[in-house]
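**Q** The structure that follows is given in the form of C-alpha cells.
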Amino acid sequence: MSREGVVHMALAAFYTEYGDSDVLQVSELPVPEPGPGEVQVRVSYASVNPVDIKMRAGTLGDGGPLQGTTITGMDVAGTVERVGAGVTGFSPGDRVAGLSPSGAAAELVNTYAATLVHVPDSVDLRVAATIGVGGGTAVRALGLTGVSRGDMILVDGASGGVGTFLTQLAIARGATVVGTASQANHAHLRELGVVPIEYGEGWQARARAATDRPFDAAFDLVTGGKFTDLRALSSETAPIATLVDPEVPEQGGILVTGREPGFEHALQEVMDAIADGGLRVPIAREFPLSEIAAAQDLVAGGHTRGKVIVSVS
C-alpha cells in the first residue's frame, strides 16, 4: 500500500498482527492507482481458503514479524475499475476473476493482469470467485501427476475446496476417482461421479475395497502424514501428491506449492470447464464482509462442502 498517487479509499478486511480471527479488522484503507501491468478490480465476492487462515495466523513464511497492513484473502471476482500502463485485454467494466496476492477481501484491489481471466456472462460471480486458489491448485496437481484417461486415483479430502475442483477435472480427463469424505457428503460426491468412502479410522481398508487394482495416483489434500498409507495403496510408480506435507518430497512424493511453472492457463481451463457446465462448484455459505472472521472460522473447522464466499460490494 506504499505507492504514491493514492486517490481512493475502500472498505477492506485486514490485519496488522498475526493471530486468531479476532485480529481481523474491517475499515477503510487507501488504495493506490494500479501500477504497470496491474488491473484494479471492484470486488463483488472473495472466497476463503485454508491458506488465508495460515497466513493470518503467521504459520507460513519464515516466521518473521508482520510488515504493515495485510488485506486478507486471495480469491477474487468483480469488475475492472481501472487498468495500469501496458495492460491489454482488459477494460473498465469487464467481469473478471482470479487471484489477488496482495489481498482480495476489499472493495477495490490491485492485482496483476496475468492473474485474472474474463468471466462469461453465463457464470455467476459467486462461483467465479472460487477458482483462484482451489481451481489453480487442482490443475497443477493433476498436471504434475500426469493423471489421464483410464487412471484410477485416490483423493483424500474429496469434498473440500481443492477436492471439489480436482475430482471433477480428473473425471473430465477420463479418470475414475475414489474419494474420502464424511458420510454427509457422500451423496454429493456420487452426483459428481466420485466413488465415496468414509474418512477416519479404517479408511485404508475401505479404499482398498473400492477398487480391484492399485491406484495410479493419490492425493493428500487435507491432513498430511498419509504418504506411507497412500504409497501402500498405489502402484510402485504411482505419483503421490500433497498440498499440506512438506516432508513428502524427501519420500519421493510431490508437494504442490502453486508456484510451479508451466501452468499459466490453469485458471482459464477451470473457467472454461465451469462455463461449459462440466464443473460445478457448490457454495457452502455466503458471509458479508463484516463477518469475515466467522467465514474464516468456518473454513478453519475443516468440515465445509464446497466453498465459503464473502460478499464485498
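The values are calculated or read from the model by the stated rules, or taken from the named source; none is laboratory data. Quick caveat: nothing in here was measured; it's all calculated off a predicted structure. Quick reminder, even Gly has a Cβ in these numbers, built from the backbone with ideal geometry, and neighbours come from all protein chains shown. The area values use the complete protein model at the heavy-atom level, side chains included, leaving out ligands, DNA and RNA. Shrake-Rupley method; radii C 1.70, N 1.55, O 1.52, S 1.80 Å.
**Q** Relative contact order, percent, of the chain when contacts are C-alpha pairs under 8 Å separated by at least 6 residues?
**A** Numbers: 716 pairs, mean separation 57.6, N = 313.
It rounds to 18 percent for the chain.
**Q** What does the helix-only formula give at 222 nm for the chain: each DSSP H stretch with n ≥ 4 adding -39500 (n - 2.57), the total divided by the residues, and the result rounded to the nearest 500 deg cm²/dmol?
**A** -6500 deg cm²/dmol
**Q** In the chain, carbon and sulfur make up what percent of the accessible area (probe 1.4 Å)?
**A** Ligands and nucleic acids excluded, carbon and sulfur give 50 percent.
**Q** Express the relative contact order of region 80-156 as a whole percentage, based on alpha carbon pairs under 8 Å and six or more residues apart in sequence.
**A** Reported as a whole number, the value is 23 percent.
**Q** Let me have the relative contact order for region 119-235, percent, based on Cα pairs under 8 Å that are six or more residues apart.
**A** Reported as a whole number, the value is 25 percent.
**Q** With a ≥ b ≥ c taken as the square roots of the eigenvalues of the C-alpha gyration tensor of region 1-148, please select rounded if a/c is under 1.5 and otherwise prolate if a/b is larger than b/c or oblate if it is not? Don't jump to the answer; show the numbers that get you there.
**A** Numbers: a/c = 1.67, a/b = 1.05, b/c = 1.59.
Here region 1-148 falls in the oblate category.
**Q** Among rounded, prolate and oblate, which fits region 270-313 when a ≥ b ≥ c are the square roots of the eigenvalues of its C-alpha gyration tensor, a/c under 1.5 means rounded, and a/b larger than b/c means prolate?
**A** Judged from the Cα gyration tensor, region 270-313 comes out oblate (a/c at least 1.5, b/c at or above a/b).
**Q** Between residue 20 and residue 79, how many nm apart are label points set 7 Å from Cα along the C-beta direction?
**A** 4.0 nm
**Q** Still on this model: Could you give the length gained on full extension between residue 268 and residue 213, defined as 0.36 nm per residue of separation minus the Cα-Cα distance, in nm?
**A** 16.4 nm
**Q** Along each of the three principal axes of the Cα atoms of region 154-210, give the extent in whole Å, ordering the values from largest to smallest.
**A** For region 154-210, the Cα extents along the three principal axes come out at 29, 20, 17 Å.
**Q** From the phi angles alone, apply the Karplus equation (6.51, -1.76, 1.60; θ = phi - 60°) to region 274-284 and give each ³J(HN,Hα) in whole Hz, x where the residue is Gly or Pro.
**A** For region 274-284, the Karplus-derived couplings read 5, 4, 7, x, x, 9, 10, 10, x, 9, 5 Hz, x marking Gly and Pro.
**Q** By how many nm would the segment from residue 191 to residue 205 lengthen if fully extended, with 0.36 nm per residue of separation less the alpha-carbon distance? Walk me through the numbers on the way to the answer.
**A** Working: separation 14, 0.36 × 14 = 5.04 nm, distance 2.34 nm.
Here the segment from residue 191 to residue 205 would lengthen by 2.7 nm.
**Q** Then there's this: Would you kindly derive the ³J(HN,Hα) couplings of region 91-106 from the backbone phi angles with the Karplus curve 6.51 cos²θ - 1.76 cosθ + 1.60 (θ = phi - 60°), listing them in order in whole Hz, with x for Gly and Pro?
**A** So the J values, rounded to whole Hz, are 9, x, x, 5, 7, 9, 8, x, 10, 10, x, 8, x, 10, 7, 7.
**Q** Along its three principal axes, how long is region 181-313 when you only count alpha carbons? Whole Å, largest extent first please.
**A** Dimensions of region 181-313 along the principal axes of its Cα atoms: 51, 37, 32 Å.
**Q** Moving to a separate point now. Quick check: Cα centre of region 52-123 to Cα centre of region 276-297, how many Å?
**A** One Cα centre to the other: 16 Å.
**Q** What is the spin-label model distance, in nm, from residue 28 to residue 124 if the labels are put 7 Å beyond Cα along the C-beta direction?
**A** Output for this residue pair reads 3.2 nm.
**Q** So if I take the centroid of the Cα atoms in region 172-245 and the same for region 246-269, what is the distance between those two points in Å?
**A** The two parts, judged by their Cα centres, are 19 Å apart.
**Q** Another one. Grab the beta carbon distance between residue 69 and residue 184, set R0 = 35 Å, and tell me the FRET efficiency rounded to 0.05.
**A** Taking R0 as 35 Å, the efficiency between residue 69 and residue 184 is 0.35.
**Q** Build a GNM of the chain with springs between Cα atoms under 10 Å: which of 201, 38, 28 gets the top mean-square fluctuation?
**A** Among 201, 38, 28, the largest GNM mean-square fluctuation belongs to 201.
**Q** If you don't mind, there's one more thing I want to ask. May I ask you to give the average projected area over all directions of the convex hull of the Cα atoms of the chain, in nm² rounded to one decimal? Intermediate values should be presented prior to the final figure.
**A** Details: hull surface 62.8 nm².
It is 15.7 nm².
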